[in-house]
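Below: one structure, written as structure tokens.
The values are calculated or read from the model by the stated rules, or taken from the named source; none is laboratory data. These numbers come from a predicted model, not from an experiment. FYI the Cβ positions are ideal-geometry reconstructions off the backbone, even for glycines, and counts take in every protein chain you see. Protein only, heavy atoms only, side chains kept; ligands, DNA and RNA dropped before computing areas. Shrake-Rupley method; radii C 1.70, N 1.55, O 1.52, S 1.80 Å.
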Amino acid sequence: MPALIPIKKSHIRYYNKFPLYYISKNGEALLYKKADKKLDKELLERNQYPQFFIQKEDEVAVVEKLQGVLNIKLASTISSKGLHAIKKTLCEIVEEALSGPLENTLASLPETIEILFYGAKKKSDLLEALITIKNKSSKIVEHSVNVLALTAQYCFFKKYPEEQIKTFCLCALLHDVGTSKIDKKIIETKEKLTDKEYSIYKMHTIKGCREVGLYPTFDKSVGITALEHHERLDGSGYPHGTKQISFEAQLIGLIDSYEALKYQDKTFRKALEPYDALQIIKKDVVAGKYNKAIFIDLCSCLIK
Ligand SMILES: [Fe+2]
Ligand SMILES: [Fe+2]
């Protein structure tokens, strides 16, 4: 019997191409349907079916197929549905991308960015909605979408060329991709991390850069941003304590910090109002940690 992994009930309609398994009453894994055989329509409508599983070896192909379908859904949601539905679909896409074995699961994200880019041009309130509408997704999915939307807002505000905006958006969406290789408890906690947990957490920069490096079609800046977004201009950052930081990593590092202060409740402090979050970052700008020009532009962009 192959190694099996459970599938999400909400995704059941996407599995026609793949064999599905279920666990019998006596704990035996049995084949429910062969590849390319459709699931019974009535069964789907009644929502009465057991927990299904796919073979572990199908996981990457499943995620690729699912992301393709989700991108089509995102495009049609943007043209016909409300902002809540758009946020929900985008979070689903990001969740799939960050939850798989990463070998191929990021490949469709540039297309996601492309769809969002044109969506933001059509719906002027789209980016603001992506940040403000809450969705029941994991902290890291919500955070990645927020950083993406804030970065896109900044780029549109600065009137960057189209290709540059898309690249920066992909950098933003994937800046924390390395966290998917780190213990979920450390990533999702609202408590202050212990020293040991913090040193594990810091590794998401190096792990993220490595993962993104597996995609030769991605712009180099995507991996560099994953690596450098916690570096600071005074050398106080990590993982290497370098003062030489790419522009993308400086920008997304600053937006990343702002997002964390503004949107994330912790047990030791509440999420802050924009002005208070910017005040805290301003102190770090004065201390030489962040790029002053980027900070001023971000303030102008947020209070425009
Ligand atoms: Fe990070
Ligand atoms: Fe982050």
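So, Glu95, is that one over 14 Å from the mean Cα position of the chain (by Cα) and either open to solvent by 40 Å² or more (accessible area, probe 1.4 Å) or among the small types (Gly, Ala, Ser) (or both) or not? No, not satisfied. Within region 1-55, being part of a helix (DSSP H, G or I), more than 27 Å from the chain's Cα centre (by Cα) and of a type in the set (Lys, Arg) holds for Lys41, Arg46.
Out of all the residues in region 169-197, which are more than 16 Å from ligand 1 (Cβ to nearest atom) and either within 16 Å of Leu127 (Cα to Cα) or surrounded by 13 or more Cβ atoms within 10 Å (Cβ to Cβ) (or both)? Listed by number, the list holds a single entry, Cys169. Residue count for region 9-46 satisfying the condition of being out of contact with any Lys or Arg (no Cβ under 7 Å at 6 or more places or on another chain) and open to solvent by 40 Å² or more (accessible area, probe 1.4 Å): 20.
Scanning region 72-95 for residues that are basic (Lys, Arg) and more than 19 Å from Ala107 (Cβ to Cβ) gives Lys81, Lys87, Lys88. Among the residues of region 152-188, the ones that are out of contact with any helix residue (DSSP H, G or I) (no Cβ under 8 Å at 6 or more places or on another chain) and more than 20 Å from Leu109 (Cα to Cα) come to 3 in all. Within region 85-111, residues that are assigned to a helix (DSSP H, G or I) and of a type in the set (Lys, Arg) reach partners that are at pLDDT below 80 and open to solvent by 20 Å² or more (accessible area, probe 1.4 Å) with beta carbons closer than 8 Å, at six or more positions or on different chains, in the pairs Lys87/Asn135; Lys88/Asn135.
Scanning region 284-304 for residues that are part of a helix (DSSP H, G or I) and surrounded by 14 or more Cβ atoms within 10 Å (Cβ to Cβ) turns up Asp284, Val285, Ile294, Phe295, Asp297, Leu298, Cys299, Cys301, Leu302.
Within the option set Pro239, Pro216, being assigned by TED's automatic domain parsing to the domain that holds Leu174, closer than 26 Å to Leu98 by Cβ and free of Cβ contacts under 8 Å to residues at least 12 places away in the same chain holds for one residue only, Pro216. When restricted to residues that are among the charged types (D, E, K, R), assigned to a helix (DSSP H, G or I) and away from ligand 2 (no atom under 15 Å from the Cβ), region 164-204 contains 6. Taken together, Thr225, Thr217 contain a single residue that is within 16 Å of ligand 1 (Cβ to nearest atom) and either on the phi < 0 side of the Ramachandran plot or surrounded by fewer than 19 Cβ atoms within 10 Å (Cβ to Cβ) (or both), which is Thr225.
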